[in-house]
Structures are given as structure tokens and as C-alpha cells.
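Trainee: Have a look at this one before I ask anything.
What follows is calculated from the coordinates using simple rules that are stated; it is not laboratory data. Just so it is clear, the model here is predicted, and its values are computed rather than measured. No Cβ is skipped: glycine too gets one built from the backbone with ideal geometry, and neighbour counts run over all protein chains shown.
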Amino acid sequence: MVFMKNGKRLFYNSIMRVQCKRYRYIFLFFPAIACLLVYLILPVHRPTIAEEHLKAGLAGISGQIEHHKVREWKYIVIHHSATKSGNAAEFDKYHRETRQWKNGLGYHFVVGNGNGSGKGEIEIGNRWVKQISGAHVGINKYNRYGIGICMVGNFNESYPSRAQMASLVVLVQYLQKQYNIPAENILMHKDCKTTECPGDKFPFYHVFAQTL
């Protein structure tokens, strides 16, 4: 009887150990599963590329973009303007008059935030029209072979809007496809040079996740 009781006790203990291990794995993986569900469910983590953004953003200028296919582009470099407002014309004036850059606006594209240009509006810079090197990184390799995109806003202080992110993703995907630019060559300014640009609050993973 003692043997049977001990045997039952050992069997019971072994079952409990197995159950405890199962629950331990559940508790270990629960935070990761919860984070994944939050990422998938909450809209703030997945900027919606709405139809109006496609029409107002890229669709309206795709013909102009496609007209210029003469250069070999290898990188896409994302910046912020570090200002609360602005547009391509304002930045062009600043770069010409203050920076003394004869070709003006250092970026190829500017994505507006509604203060100075439309929400998510994509503006084409002179450097894209002429298919010339940018003046946006400060390193020759990335200026010569990198397409510079400036997001209007200071993303050390606030996050880009949903409209901006939607337009940016569409633009990046389009350029990536047109010029066979791999996902690893889609960069932030601070990936190329010591700088805070495009800011600590810029959600780069939104863009990268949709270009793989």
C-alpha cells in the first residue's frame, strides 16, 4: 500500500511538474503575444494607406516621377525638417540664400504636414526634376546615390501624422520598386551621419516593415 501510495504520489508530482512547465512557458511568452496583438489591432501602430492619400499623394505626381529615369539610385534617406511648418518653396529659399546652395532645395521630395502645404502632400524638388545629386546627408555617397525625402515637422517633439506616414510609405514603396532599392538601403539620416534627424519619435519601423 505504501508503494502504491508513493507511486501515485510520484505520478501526481510528475504530472504537476509538466503542468507547471506548460504554464511557465505561457507566462514567458504571454507578454510577447500581447505586444504582437496590440501592434496588429491598434491603428496607431499601422498607418493606413487610405485611398485619398494615394490620390492626393503619389497618384497625382506619378507621371512626373516616371518621367525621370536616367540616374542610378541606390538609397532612400529619410529626414525631418526640424520645424513645425514649411514646404518645398520655403526650404528651397533657405537653402539658396542661407546655405548658398546654387541648386536650392537639398532634398528630392518633401512630405507636408498641413502647415505650409497639404497634409501628406508630396512635393517634387528641383533636384529630382533635373535628376541631380542631393545635398541632404553631408556624405558624398549618400548625396550622389541617395534619394532625399524630407518630412515636415520636428519629430524630437511630436510624431508625424497618419497622412504623412501613409504618403511616405507609398512614396518609398514606389521608388524602391522603380529603382530596385533593397530594404536595407532605406535609411534615416542618422544611419548615415551623426545627427538626431529624423528625430527620436520618428517611427522608422512603420516604413521598414512595409518595404521588406
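Trainee: In debye, nearest 20: dipole of segment 146-212 around its Cα centre with unit charges on the Cβ of K, R (+) and D, E (-)?
Mentor: Numbers: 5 positive and 5 negative charges, 33 e Å.
So the magnitude is around 160 debye.
Trainee: Based only on the alpha carbon positions, what is the Kirkwood hydrodynamic radius of segment 73-212, in angstrom?
Mentor: 14.6
Trainee: Where q = 0.19 Å⁻¹, what log10 of I(q)/I(0) comes from the Debye formula for segment 72-138, counting one point per Cα?
Mentor: Each listed q corresponds, in turn, to -0.72.
Trainee: Say the cut-off is 26 Å between C-alpha atoms; which of K93/K177; K130/K177; K102/K141; K102/K193 go over it?
Mentor: Working: K93/K177 31 Å; K130/K177 21 Å; K102/K141 20 Å; K102/K193 23 Å.
The pairs that break the limit, which is 26 Å between Cα atoms, are K93/K177.
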